[in-house]
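**Q** Could you have a look at this structure, given as structure tokens, before my questions?
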Amino acid sequence: MRRVLNILLTILLTIGFILLGVFVFRSSFIRLGYAFKDFGLSVAYYFCVMFDIKHNITPTVNTVPDVQTPQVTLPTDFNGFKENTAQYFNLLFNSDNFNGWLGHISGVMADLAEILVIILPCIVVLILVIKALYNRENNKHGKDTVPLKVFKVISKVTYQPLKRFTAGYVAFIKENRWILACWIMLWAFNFNLATIVVEFFAYYFYFAVEFDFGTVYTQFVKLFADLKTPFIYFPYWALLFLIYPLFDKFRKRIATSRLRHYEAKNCGFINELPIVSLTCGSMGKKKTTAITDMALSQEVMFRQKAYEILQKNDMKFPMFSWILFEKALQAEIESGQVYNLATVKCWVISLEERGELFGYDGERYGLTYDNGLSEENIYDVLSTYAQAYFIYIIESSLIVSNYSIREDNLLIDSGNFPIWLIDFFPTNFRRDSRHAHILDFDILRLGKKVLDANPNAGSFEFGVIGITEIGKERGNNLELQEKKKNAEEANQKNDKFNSWLKMCRHSATVDNFPFIKVFADEQRPESWGADARDLCDIVNIISSGEMKLAMPFYTIGDMLAEWAFNRFIGLYYDFRFRRGDNTLLVHILKSVTAWLWKRNIRIYNRYGYSVLKIEKERGTMDGKVSKKKYYLMSAKIYRKRFATDCFADYFNDMALRTNVGLNDYREYLTECASVSELQAQNSYFINALYGLGGES
């Protein structure tokens with residue numbers, strides 16, 4: 001039914017536009033006919049002159065047609081235009097003209113003053129009446145007042161259906177863009193815009209062979225006359241709906257470009273870091289946020305680096321059928337025969353043993369590549385290509401972490417070469433998402449394992465490792481004094497985790513690039529043992545800046561939203577304190593304020609960013625510090641990427657096992673604690689004072 005209504009409305013609008021063209025803009029179509037005549041004569045004249053063909057063609061592009069004469073208000077020649085211009089400026093700066101203008105302004109101001117004298121008392125009386133009504137207290141919880149009920153009924157049968165129908169019709173037009181294209185073309189004819197385009201090309205062909213600059217003014221006169229039609233009939237109020245969306249799109253495009261620029265700066269900083277880095281800072285300095293942001297960027301950079309390796313190795317043997325090679329590798333991956341880099345290498349070795357080259361003519365194109373330093377066998381290049389392709393194509397997160405990280409990269413594959421959508425700031429956010437892999441620490445231990453015969457042990461080759469609170473996992477030198485290297489069970493001294501840190505790049509290197517990065521965080525660098533800490537760079541977060549906006553020209557909108565919220569919220573909660581019912585005025589004010597507030601929040605969430613001021617130094621902590629900046633963009637890092645309370649369920653489980661809460665704790669009876677109140681603290685210090693155990 002709705003589709004039928006949409007079609008009927010489209011037909012009626014189209015008929016209306018056509019009737020307007022017939023009865024209101026008829027001269028525009030006649031003028032278009034003259035324009036095509038000018039165009040045809042100019043093109044014929046152009047070819048006759050260019051190819052030296054005898055002719056008696058007289059171009060009409062420099063004459064004003066009869067249908068256009070009533071609209072011509074400018075002088076027909078340039079000398080007349082100069083004389084009229086001089087007269088205009090003489091009148092503009094004439095004292096009599098200026099006095100007349102002041103008199104007109106004075107009359108307008110007097111009319112406004114009369115209106116204000118009438119309106120202001122009415123406004124004051126209305127405010128007093130509203131205050132008197134709203135000062136009446138009640139406890140009618142959730143009850144609507146009569147005016148609000150009437151407003152909701154009227155809105156239900158008028159505004160809401162109209163809003164739904166309008167939104168549905170806009171969606172219908174977007175689905176059938178050819179309708180909008182036809183309407184635009186029709187109004188281009190009505191407003192002489194099509195005529196202007198045809199006349200431009202008509203004059204272009206004429207001018208290309210004559211170079212007659214004296215005829216330029218005539219074209220200006222005709223253009224001015226053609227533009228009078230849209231200036232007279234165009235609904236200027238519609239500019240708000242045309243210009244503002246374009247302006248909004250323009251400033252959002254600038255904001256997105258800025259955010260991508262900041263992301264590029266972040267990637268440059270991440271590339272400066274060694275394989276292992278430790279981010280430190282006091283509580284609330286966004287340590288985990290920072291390493292999560294780095295992990296997301298690093299995963300994207302790994303995909304891009306693998307893509308770059310594919311491109312370069314493709315060029316080494318440009319005539320090789322890479323797509324057949326890729327499809328064969330995909331089949332092996334889907335069958336489960338290839339599942340890591342080691343099996344990729346074995347698969348290529350099996351191809352070499354069989355001499356399989358997927359139809360490549362080795363005799364014609366060669367089987368080796370000379371890079372100027374050494375020669376590479378084609379199967380060595382295939383091995384490198386296959387490893388990079390495996391890293392690139394694997395439709396899984398490359399992040400392995402001890403807390404959950406959500407990502408929304410999407411692999412698009414139409415059956416040929418797949419492409420990753422990895423933009424953090426798309427026009428429309430992707431809904432598809434996946435999460436990081438659970439970090440089984442045994443995969444990072446070269447020595448003893450917590451779980452004997454762990455099937456995951458030894459499986460990790462490449463990827464991004466994220467470890468929050470690593471000091472609590474690994475401990476520092478003092479905390480590990482009691483641990484024994486020869487203990488039967490796995491501990492930090494015999495699991496050879498630090499050895500893995502030192503050697504991890506060997507399993508992850510493809511084409512001389514290590515596809516591995518370890519990001520960890522802790523409050524203090526000393527919380528992690530010196531042997532491991534010395535391997536990394538320490539990133540100290542000095543401060544976290546306030547939220548800024550990358551979108552320009554939004555100051556007024558921001559100020560309006562903040563002013564409306566601050567003005568309304570106090571009045572609203574004063575009303576909530578006095579009354580429990582719902583009134584029309586509060587309903588309207590809250591609706592408008594909430595719309596402004598939610599829109600402002602969306603803008604900041606989409607285009608907001610904050611700056612972390614950091615200091616980077618070596619893990620040896622030798623005092624050589626370099627100051628850097630790191631940008632946290634809301635659209636990237638705060639889209640439910642991770643939970644800052646990632647260990648919350650441990651405490652939730654403890655709390656659920658108890659039968660008490662904050663309200664059940666004992667309170668002090670006076671300003672000075674009694675003996676029983678002191679002993680209720682179960683404090684080591686207090687117990688030692690009373691000899692109840694413990695030491696001071």
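**Q** Can you give me the distance in nm between label points at A181 and T69, each placed 7 Å from the Cα along the Cα-to-Cβ direction?
**A** Spacing of the two 7 Å Cα→Cβ label points: 4.0 nm.
**Q** With every protein chain left in place, what is the accessible area of L451 in Å² (1.4 Å probe, nearest 10)?
**A** 100 Å²
**Q** Moving to a separate point now. Can you sort F213, F441, F497 by solvent-accessible area, 1.4 Å probe, largest first? Numbers along the way, then the final one.
**A** Values: F213 145, F441 35, F497 5 Å².
Result of the area sort, largest leading: F213, F441, F497.
**Q** Just to confirm my numbers, what's the Cα centroid distance between segment 137-179 and segment 302-329 in Å?
**A** If you average the Cα positions of each part, the centres end up 56 Å apart.
**Q** Turning to a different aspect of this structure: In terms of solvent-accessible area of protein heavy atoms at a 1.4 angstrom probe, what is the ranking of F191, F211, highest value first?
**A** The residues order as F211, F191, largest area first.
**Q** Residue separation times 0.36 nm, minus the C-alpha to C-alpha distance between D452 and D622: what's the value?
**A** 57.2 nm
**Q** Also: Pull up the cross-link candidates among the lysines for K305, meaning alpha carbon to alpha carbon under 18 Å and not fewer than 8 places away within one chain.
**A** Of all the lysines, those that pass the test against K305 - Cα under 18 Å, at least 8 places apart if same chain - are K265, K316, K517.
**Q** Give the distance, in whole Å, between the Cα centre of segment 639-696 and the Cα centre of segment 480-535.
**A** For segment 639-696 versus segment 480-535, the Cα centre distance is 35 Å.
**Q** Could you compute the net charge surrounding T343? Neighbours are other residues with a C-beta less than 11 Å from the C-beta of T343; K and R count +1, D and E count -1.
**A** -1
**Q** Reachable aspartates and glutamates from K286, Cα under 16 Å, same-chain residues fewer than 8 places away excluded?
**A** E469, D521, E522, E546, E615, D645
**Q** In the neighborhood of E395, defined by Cβ-to-Cβ distances under 10 Å, what is the net charge if each Lys or Arg adds +1 and each Asp or Glu adds -1?
**A** So the surrounding residues net to 0.
**Q** Would you be so kind as to identify which of M294, P59, S527 lies farthest towards the positive end of the dipole of the chain, taking Lys and Arg as +1 and Asp and Glu as -1 on Cβ and the Cα centre as origin?
**A** Projecting each Cα onto the dipole axis, the largest value belongs to P59.
**Q** Moving to a separate point now. Run down the aspartates and glutamates and flag those whose C-alpha is under 18 Å from the C-alpha of K152, throwing out any fewer than 8 positions away in its chain.
**A** D144, D581
**Q** Also, quick follow-up: Taking the Cα centre as origin and putting +1 on Lys and Arg beta-carbons and -1 on Asp and Glu beta-carbons, what dipole magnitude results for segment 130-180, to the nearest 20 debye?
**A** The calculation lands at about 100 debye.
**Q** What is the count of Lys pairs in segment 605-696 whose alpha carbons sit under 27 Å apart, if the two are 8 or more places apart or on different chains?
**A** Count of close lysine pairs: 15.
**Q** Pull up the DSSP beta bridges for the chain and report the antiparallel fraction as a percent, rounded to 5.
**A** Roughly 55 percent of the DSSP beta bridges within the chain come out antiparallel.
**Q** About its Cα centre, how strong a charge dipole does the chain have in debye, to the nearest 20, once Lys and Arg get +1 and Asp and Glu get -1 at the Cβ?
**A** That gives a dipole near 2600 debye.
**Q** For the pair V611 and Y339, what calculated FRET efficiency results from E = 1/(1 + (r/R0)^6), where r is the Cβ-Cβ distance and R0 = 45 Å, to the nearest 0.05?
**A** The value I calculate is 0.60.
**Q** Per residue, how much accessible area does segment 446-511 have with a 1.4 Å probe, in Å²?
**A** Accessible surface, normalised per residue, equals 59 Å².
**Q** Could you compute the FRET efficiency for H104 and I556, with r as their C-beta to C-beta distance and R0 at 30 Å, rounded to 0.05?
**A** According to the calculation, E is roughly 0.50.
**Q** Apply the a/c threshold of 1.5 to the C-alpha gyration tensor of segment 151-271 and tell me whether it is rounded, prolate or oblate.
**A** oblate
**Q** Computing the accessible area with a 1.4 Å probe over protein heavy atoms, can you report the carbon and sulfur percentage for segment 334-418?
**A** Carbon with sulfur: 45 percent of the solvent-accessible area.
**Q** Starting from the Cα gyration tensor of the chain, take the square roots of the eigenvalues, sort them a ≥ b ≥ c, and report rounded, prolate or oblate (rounded when a/c is under 1.5, otherwise prolate if a/b is larger than b/c, else oblate).
**A** The shape class here is oblate.
**Q** Rounded to the nearest 10 Å², what accessible area does S676 show when all protein chains are kept and the probe is 1.4 Å?
**A** Taking all protein chains as shown, S676 has close to 60 Å².
**Q** Let me ask you something else. Filter the trypsin sites (Lys or Arg not before Pro) in segment 581-636 to those in DSSP coil with at most 10 other Cβ atoms within 10 Å of their Cβ, and list the result.
**A** Working: sites: K590, K598, R599, R602, R606, K613, K616, R618, K624, K627, K628, K629, K636; in loops: K624.
Answer by residue number: K624.
**Q** A further question on this structure: If you take the square roots of the eigenvalues of the alpha-carbon gyration tensor of segment 207-297 and sort them as a ≥ b ≥ c, do you get rounded (a/c under 1.5), prolate (a/b over b/c) or oblate?
**A** Oblate shape, in that a/c is at least 1.5 and b/c is the bigger or equal ratio.
**Q** Counting alpha carbon pairs within less than 8 Å and at least 6 residues apart, what relative contact order, in whole percent, applies to the chain?
**A** 16 percent
**Q** Given contacts defined as C-alpha pairs under 8 Å and at least six residues apart, what's the relative contact order of segment 579-696, whole-number percent?
**A** Numbers: 64 pairs, mean separation 15.7, N = 118.
Computed value for segment 579-696: 13 percent relative contact order.
**Q** Also: Mind listing which trypsin sites (Lys or Arg not before Pro) in segment 361-433 are in a DSSP loop and have 13 or fewer other Cβ atoms within 10 Å?
**A** R430, R431
**Q** At a probe size of 1.4 Å, how large is the accessible area of K485, to the nearest 10 Å²?
**A** Result for K485: roughly 150 Å² accessible.
**Q** Could you please put I470, I588 in sequence from largest to smallest accessible area, using a 1.4 Å probe?
**A** I588, I470
**Q** I'd like the FRET efficiency for I438 and Y369, computed as 1/(1 + (r/R0)^6) with the beta carbon distance as r and R0 of 41 Å, rounded to 0.05. Don't skip to the end; give the middle numbers.
**A** Values: r = 41 Å, r/R0 = 1.00.
E(calc), rounded to 0.05, equals 0.50.
**Q** Quick check for me: using +1 on Lys/Arg Cβ and -1 on Asp/Glu Cβ, what's the dipole size of segment 282-333 about its Cα centre, in debye to the nearest 20? Write out the running numbers ahead of the final one.
**A** Details: 8 positive and 6 negative charges, 67 e Å.
Dipole about the Cα centre, nearest 20: 320 debye.
**Q** With only alpha-carbon pairs counted, each pair once and no self-pairs, how large is the Kirkwood hydrodynamic radius of segment 257-374 in angstroms?
**A** Final number for the Kirkwood radius of segment 257-374 is 18.2 Å.
**Q** Before anything else, pin down the relative contact order of segment 524-656: Cα pairs under 8 Å, at least 6 apart, normalised by residue count, whole percent.
**A** Relative contact order, segment 524-656: 34 percent.
The values are calculated or read from the model by the stated rules, or taken from the named source; none is laboratory data. Computed from a predicted structure; not experimentally measured. We place every Cβ from the backbone using ideal geometry, glycine too, and count neighbours over all the protein chains shown. Surface areas here come from the heavy atoms of the whole protein model, side chains and all, with no ligands, DNA or RNA. Shrake-Rupley method; radii C 1.70, N 1.55, O 1.52, S 1.80 Å.
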